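Undergrad: Pasting a structure here, questions to come.
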Amino acid sequence: MNVDFMDALNEIEREKGISKDVLIEAIEAALISGYKRNFNSAQNVRVDVNRHTGQVRVFARKTVVEEVLDPRLEISLEAAQEIDPNYRLDDIVELEVTPRDFGRIAAQTAKQVVTQRIREAERGLIYSEFVEREEDIITGVVQRQDARNFYIDLGKAEAVMPLTEKMPTDDFKPQDRIKAYIIKVEKTTKGPQIVVSRTHPGLLKRLFELEVPEIYDGVVEIKSVAREAGDRSKIAVHSINPDVDPVGACVGPKGMRVQAIVNELKGEKIDIVRWSEDPAEFVANALSPSKVLHVEVHAAEKMTRVIVPDYQLSLAIGKRGQNARLAAKLTGWKIDIKSESQAEEEGISYPKDNEEPSTDVGVQ
C-alpha cells in the first residue's frame, strides 16, 4: 500500500462517512489472518499500517519468560534484555517479521476489506433509512414476479411484496408504478429486506393522511380502520375542532379527496363514518349506509343488539355479511342485527319514539 491508497481512504471517509481509522483497524485485523494463512505461522503477531505513508509492518509478539518452551510465542529474559535492558519477566517483546512480498498480499487484502466495509456501510444506511419508514407508504416500480412475490424497485433498495399482500383487483405488469405500505424492514446478510403490502389497513390510513390536510395537521383524527382489500373499507374519523366536519373533510370538495384514494385502490368502496365515544352511537354510525332504529349495549359481553327497519335489514348486514362484519371490526364490538319484525317476534322491546341515531354515509 502507498500514499495514494491512504488518500483514497480519506476520500471514502468524506463521501461514505466511514471512518478512516475504522477501515485501517479492519485492514490490520484482516492482514493478521492473511499473514498466518499465507506464511503458515502460529505466532502472535501485530500488523501496523502507517496512517500517512501506508507502509505495512508485521511484528511478532513474544512473552518474556525464564525458560522458553515455545520459541514462536516466548523469548528468554536474557535475549529480551539484549534488545532492551529494561525488559522484565511477563513483558511483551515485539520483533519485526515483515515478509519481503507482504506488500502485495497487504494491497489485495486491503482492497477486499475496504470494498466489504463500503458495502456493509451502504447496507446499513439503507436499512436505517427504511426502518424509519416502517408503517409508511412508498412508491416503487414493479420489476418482476415469481411464484410467491412481486419485486419492487425503490431506487436504493428492492422491496418484496408477497402475492398474499396483493389486492384482488391489482393487475401489475413490469415497470408499473405502485404505492405500497411498508410492513417491516429486517437486516439480512444480503442487505435490508423490505416487505410491503397493498392489503394492509395501514395503507388506507396513510393514504387519507396524505390526501386530507386536516388529518395531516391533526385537526381530524383517524380512530380506526376496517378493510377488506379491493372490495370495501370503513374508516372512523373524529374532529377535535367542533367547527370542522371530519367526514366532509375526508370526502373533500365534490368528493375529490376520497375519490383519489378510491382510484389508487382500484375502485375499493370506502365508507367514512363519524367516531363517537358512545358505543351505541358509534355502532349505529358504523353500520352506514343503513339506518338504525335502536342500539342496545351489553358492555360486559362487549356486544350490541341493533334494531333496523325491515327494509334495511339486508343493507345493514350487507352482501355476504360484509357491512356488519366491517362495522364490528371498526368498532371492536360484536353486533347482532335484528329487523323490527324479528324484534317483535322475539319480544325485544325498545323505545319506538326515539330519534334515529345520526349516521354519516361514506362515499362509495
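Here, each number is a calculation from the coordinates, and none is a lab measurement. What you see is a predicted model; the values in this text were computed from it and never measured. Heads up, the Cβs are rebuilt from the backbone with ideal geometry, glycines too, and the neighbour counts pull from every protein chain shown.
Undergrad: Mind checking the full-extension length gain between residue 147 and residue 11? Use 0.36 nm per residue of separation minus the Cα-Cα distance, one decimal, nm.
TA: Values: separation 136, 0.36 × 136 = 48.96 nm, distance 4.37 nm.
Contour length minus Cα-Cα distance gives 44.6 nm.
Undergrad: For the peptides 252-258, 177-183, 287-293, what is the packing order when you average, over each peptide's residues, the other Cβ atoms within 10 Å and list the highest mean first? Intermediate results must be reported in sequence, preceding the final value.
TA: Details: 252-258: 14.1, 177-183: 19.4, 287-293: 22.6.
Ranking the peptides 252-258, 177-183, 287-293 by packing returns 287-293, 177-183, 252-258.
Undergrad: Scale the Cα Rg of the range 133-199 by the rule-of-thumb value 2.2 N^0.38 Å and send over the ratio, two decimals.
TA: Working: Rg = 11.0 Å, N = 67, 2.2 N^0.38 = 10.9 Å.
Taking N as the residue count of the range 133-199, the ratio is 1.01.
Undergrad: Also, quick follow-up: Ranked highest first by average number of other Cβ atoms within 10 Å, how do 314-326, 13-25 line up? The partial results should precede the final answer.
TA: Numbers: 314-326: 16.7, 13-25: 14.4.
Ranked from most to least packed, the peptides come out as 314-326, 13-25.
Undergrad: First measure r as the distance between the Cβ atoms of residue 111 and residue 266, then evaluate 1/(1 + (r/R0)^6) with R0 = 45 Å and state the FRET efficiency to the nearest 0.05. Don't skip to the answer; put the middle values down first.
TA: On the way: r = 50 Å, r/R0 = 1.11.
According to the calculation, E is roughly 0.35.
Undergrad: Restricting to the chain, compute how many DSSP beta bridges are antiparallel as a %, nearest 5. Display every interim value, and only then the final one.
TA: On the way: 42 of 59 bridges.
If I count the DSSP bridges inside the chain, around 70 percent turn out antiparallel.
Undergrad: Another question about this same structure. Considering only DSSP states other than H, G, I, E and B, which trypsin sites (Lys or Arg not before Pro) in the range 106-148 qualify as loop sites with at most 13 other Cβ atoms within 10 Å?
TA: Details: sites: 111, 117, 119, 123, 133, 144, 148; in loops: 133, 148.
Here the trypsin sites (Lys or Arg not before Pro) that fit, given the DSSP loop and packing criteria, are 133, 148.
Undergrad: For the chain, what does the relative contact order come out to in percent, with C-alpha contacts under 8 Å and a separation of six or more?
TA: Values: 655 pairs, mean separation 34.9, N = 364.
Relative contact order of the chain: 10 percent.
Undergrad: Using 24 Å as the Cα-Cα cut-off, could you pick out the over-long pairs in 166/291; 291/329; 184/334; 179/205; 266/338; 16/179? Before the final figure, lay out each step's value.
TA: Details: 166/291 33 Å; 291/329 19 Å; 184/334 30 Å; 179/205 13 Å; 266/338 33 Å; 16/179 30 Å.
Where the Cα-Cα span goes over 24 Å, the pairs concerned are 166/291; 184/334; 266/338; 16/179.
Undergrad: In addition: Among 349, 233, 339, which one shows the highest mean-square fluctuation when the chain is modelled as a Gaussian network with alpha-carbon springs under 10 Å?
TA: So, out of 349, 233, 339, the one fluctuating most is 349.
Undergrad: Based on the alpha carbons, how large is the Rg to Rh ratio for the range 202-345 when Rh follows Kirkwood? Don't jump to the answer; show the numbers that get you there.
TA: Numbers: Rg = 15.4 Å, Rh = 15.6 Å.
Computed over Cα atoms, the ratio is 0.99.
Undergrad: Further, regarding this structure: Can you give the FRET efficiency to the nearest 0.05 for residue 278 and residue 221, using r as the Cβ-Cβ distance and R₀ = 25 Å?
TA: Numbers: r = 17 Å, r/R0 = 0.66.
For residue 278 and residue 221, the calculated efficiency is 0.90.
Undergrad: May I pose another question? Let me check against my output: what whole-number percent is the relative contact order of the range 133-199, with C-alpha pairs under 8 Å and at least 6 apart? Let's see the in-between values first.
TA: Values: 135 pairs, mean separation 24.6, N = 67.
That works out to 37 percent.
Undergrad: Something else about it: Once you have the Cα-Cα distance between residue 346 and residue 210, take 0.36 nm times their residue separation minus that, and quote the gain in nm to one decimal.
TA: On the way: separation 136, 0.36 × 136 = 48.96 nm, distance 4.77 nm.
Result: 44.2 nm gained on full extension.
Undergrad: Restricting the count to DSSP beta bridges whose residues both fall in the range 107-253, what percent are antiparallel, rounded to a multiple of 5? Don't skip to the end; give the middle numbers.
TA: Details: 27 of 29 bridges.
Rounded to the nearest five, the antiparallel share is 95 percent.
Undergrad: Highest GNM mean-square fluctuation, the chain, Cα pairs closer than 10 Å: which of 229, 327, 30?
TA: Greatest mean-square fluctuation among the candidates belongs to 30.
Undergrad: Something else now. Can you give me the distance in nm between label points at residue 128 and residue 88, each placed 7 Å from the Cα along the Cα-to-Cβ direction?
TA: Spacing of the two 7 Å Cα→Cβ label points: 4.6 nm.
Undergrad: Given contacts defined as C-alpha pairs under 8 Å and at least six residues apart, what's the relative contact order of the range 229-357, whole-number percent? Display every interim value, and only then the final one.
TA: Values: 202 pairs, mean separation 29.3, N = 129.
With pairs under 8 Å counted, the relative contact order is 23 percent.
Undergrad: Hey, another quick one. Run lengths n ≥ 4 of DSSP H only: what is the helix-derived mean residue ellipticity at 222 nm for the chain, with -39500 (n - 2.57) per run over all residues, to the nearest 500? Write out the running numbers ahead of the final one.
TA: Details: 12 runs with 129 residues, N = 364.
Dividing the helical sum by the residues of the chain leaves -10500 deg cm²/dmol.
Undergrad: If you take Cα extents along the principal axes in Å from the coordinates, which of (i) 111, 46, 44; (ii) 62, 55, 37; (iii) 128, 44, 43 do you get?
TA: Identified label for the calculated read-out: (i).
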